[in-house]
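A.B. asks: Okay, here's the structure, questions in a sec.
The values are calculated or read from the model by the stated rules, or taken from the named source; none is laboratory data. Everything numeric in this text was worked out from a predicted model, so none of it was measured. Methodologically, a virtual Cβ is constructed for each residue, glycine included, from the backbone with ideal geometry; neighbour enumeration extends over all protein chains shown. Side chains are part of the model used for accessible areas, which takes the heavy atoms of the whole protein and leaves out ligands, DNA and RNA. Shrake-Rupley method; radii C 1.70, N 1.55, O 1.52, S 1.80 Å.
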Amino acid sequence: MLIDFSKFSSVRIGGVFEVAEISLENACEFEGVVIGGCNNILVSPTPPKFGILSDEFKFIELLGGEILRVGAKVKSSQIYNFAKKQNLANFEFLRSIPGTLGGLITMNAGLKGFEISNSLVSVTTSQGKFKRDELGFSYRKSEIPGVIFEAEFSVKFGFDTKLSDEISKARSNQPKGYSFGSCFKNPFKDSAGRLIESVGLKGHKIGGCKFSQMHANFLINFDNGSFEDAISLINLAKQRVFEEHGVSLECEVKIF
Ligand code: EPU
């Protein structure tokens, strides 16, 4: 199928490219990049081969009240709503994180001490079933072989509404608008937003993109920004922060 990334991606940048549909049957042969909700991806004018999961991977179920089984195409909002309805703990943080399960696991998405890998038991991919400890999880990082099909989580009852509201509030300094969420990972014991602000780039514009005036680690496409605009801003921030602080900012957004 053809996907227009200027409409599909959360940052609304990219051209129209062919994307292969990945099913249970053909997943083993797929070689390329699997896109989920396209919330953390910047697509260049010359991307690699992309694939997107078929609806076979859209399911969520409780197995015997102990295990939550979720397909890789399920959106974070659906997992959050399911957890709330079934009174499950540990998924409150998903209220504020957009993405599909496959993307969340690949990024080891998280917020304020919560990470998707915390209550994870296993992940099934096109290369087999792997236990959590075999998957190299660290801050916003994993090493997962093959195409992710589904995951199992251990179940703890007790959805925490107060925590859910607190987490949602922690995002009150984050801007609306087309973005990737955080553009850079936070360096150890520091914050990318603080560093970008300190080198004078908060609010800085290149073409149709800028670092938000509200939160400097949010690259916003405010006016038909291009790949070039976005990449120029990213490189400028990396360069300035390195020159002034000796810190190498690492992208959270994946550039293809
Ligand atoms: N700060 C600045 N200037 C700015 C922005 C932030 O000085 O322009 C300072 C703040 O004052 C604060 C510190 O930087 O002292 C941290 O900022 P904030 O609390 O906004 O959190 P963050 O570290 O920037 C992280 C996650 C977000 C998550 C928030 C809230 C990363 C890279 N980002 O942001 O996750 O929503 O905490 O819990 O870990 C994402 O990953 O896409 C994402 C949005």
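A.B. asks: Mind checking which of PHE82, PHE188, PHE218 has the largest fluctuation in a GNM of the chain, springs on alpha carbons under 10 Å?
C.D. replies: Among PHE82, PHE188, PHE218, the largest GNM mean-square fluctuation belongs to PHE188.
A.B. asks: Amide H neighbours of PHE50 under 5 Å, at least 5 residues apart or on other chains, H built in the peptide plane: list them.
C.D. replies: ALA20, VAL33
A.B. asks: Here's another thing I want to ask about it. With the contact rule set at Cα under 8 Å and sequence spacing of 6 or more, what percent relative contact order holds for segment 85-219?
C.D. replies: Numbers: 189 pairs, mean separation 30.8, N = 135.
Computed value for segment 85-219: 23 percent relative contact order.
A.B. asks: Can I ask one more? In deg cm²/dmol, rounded to 500, what helix-only [θ] at 222 nm does the chain give when every DSSP H run of at least 4 residues adds -39500 (n - 2.57) and the total is split over its residues?
C.D. replies: Working: 6 runs with 57 residues, N = 256.
About -6500 deg cm²/dmol.
A.B. asks: Pairs of alpha-carbon atoms within less than 8 angstrom and 6+ residues apart define the contacts here; what relative contact order does the chain have, in percent?
C.D. replies: Working: 522 pairs, mean separation 47.6, N = 256.
The normalised contact order for the chain reaches 19 percent.
A.B. asks: Another question, then. Enumerate the aspartates and glutamates that LYS162 could reach by cross-link, defined here as Cα to Cα under 13 Å, with residues fewer than 8 away along the same chain left out.
C.D. replies: In chain and number order, the partners are GLU92.
A.B. asks: Taking all protein chains in place and a 1.4 Å probe, what share, in percent, of the accessible surface of the chain do carbon and sulfur account for?
C.D. replies: Working: 6110 of 12430 Å².
Carbon and sulfur: 49 percent of the exposed surface of the chain.
A.B. asks: Restrict the search to segment 54-105; then list the GluC sites (Glu not before Pro) that DSSP places in a loop and that have at most 15 other Cβ atoms within 10 Å of their Cβ. Show your work: numbers first, answer last.
C.D. replies: Values: sites: GLU56, GLU61, GLU66, GLU92; in loops: GLU66.
Listed in order of number, the matching sites are GLU66.
A.B. asks: Same structure again: Starting from segment 167-256, pick out the trypsin sites (Lys or Arg not before Pro) whose DSSP state is loop and whose Cβ has at most 12 other Cβ atoms within 10 Å.
C.D. replies: Details: sites: LYS169, ARG171, LYS176, LYS185, LYS189, ARG194, LYS202, LYS205, LYS210, LYS238, ARG240, LYS254; in loops: ARG171, LYS176, LYS185, LYS189, LYS202.
Sparse-neighbourhood loop trypsin sites (Lys or Arg not before Pro): LYS176, LYS189.
A.B. asks: Write down the accessible area per residue of the chain in Å², having rolled a 1.4 Å probe over the full set of protein chains.
C.D. replies: Numbers: 12430 Å² over 256 residues.
Per-residue value: 49 Å².
A.B. asks: Roughly how compact is the chain, stated as its Cα Rg over 2.2 N^0.38 Å to two decimals? Each step should come with its number before you reach the end.
C.D. replies: Numbers: Rg = 18.5 Å, N = 256, 2.2 N^0.38 = 18.1 Å.
Normalised Rg, Cα atoms only: 1.02.
A.B. asks: Go through segment 104-187 and name the GluC sites (Glu not before Pro) that are in a DSSP coil and have 14 or fewer other Cβ atoms within 10 Å of their Cβ.
C.D. replies: When the GluC sites (Glu not before Pro) of segment 104-187 are filtered for loop state and at most 14 Cβ neighbours within 10 Å, GLU143 remain.
A.B. asks: Can you work out ³J(HN,Hα) from phi for every residue in segment 198-205, in order, using Karplus 6.51 cos²θ - 1.76 cosθ + 1.60 and θ = phi - 60°, giving whole Hz and x for Gly and Pro?
C.D. replies: Per residue, the Karplus-derived 3J(HN,Hα) values read 5, 9, x, 9, 5, x, 5, 10 Hz.
A.B. asks: With +1 on each Lys and Arg Cβ and -1 on each Asp and Glu Cβ, and nothing else charged, work out how big the dipole of the chain is about its Cα centre, in Debye to the nearest 20.
C.D. replies: On the way: 30 positive and 29 negative charges, 181 e Å.
Using Cβ point charges on Lys, Arg, Asp and Glu, the chain gives about 860 debye.
A.B. asks: For the pairs LYS49/LYS254; LYS84/LYS254; LYS7/LYS112; LYS75/LYS112, flag any whose C-alpha to C-alpha distance is greater than 23 Å.
C.D. replies: In this structure, LYS84/LYS254; LYS7/LYS112 lie more than 23 Å apart at Cα.
A.B. asks: For segment 79-144 and segment 1-65, what is the centre-to-centre distance using only Cα atoms, to the nearest Å?
C.D. replies: Using only Cα atoms, the two centres lie 18 Å from each other.
A.B. asks: Please list, short to long, the whole-number percent of alpha-carbon pairs of segment 129-176 in consecutive 10 angstrom bins beginning at zero.
C.D. replies: Over segment 129-176, the share of Cα pairs per 10 Å bin runs 18, 30, 33, 20 percent.
A.B. asks: Starting from the eigenvalues of the Cα gyration tensor, five times each then square-rooted, give me the equivalent ellipsoid semi-axes of segment 205-256, largest first, whole Å.
C.D. replies: Working: eigenvalues 72, 30, 20 Å².
One finds semi-axes of 19, 12, 10 Å for segment 205-256.
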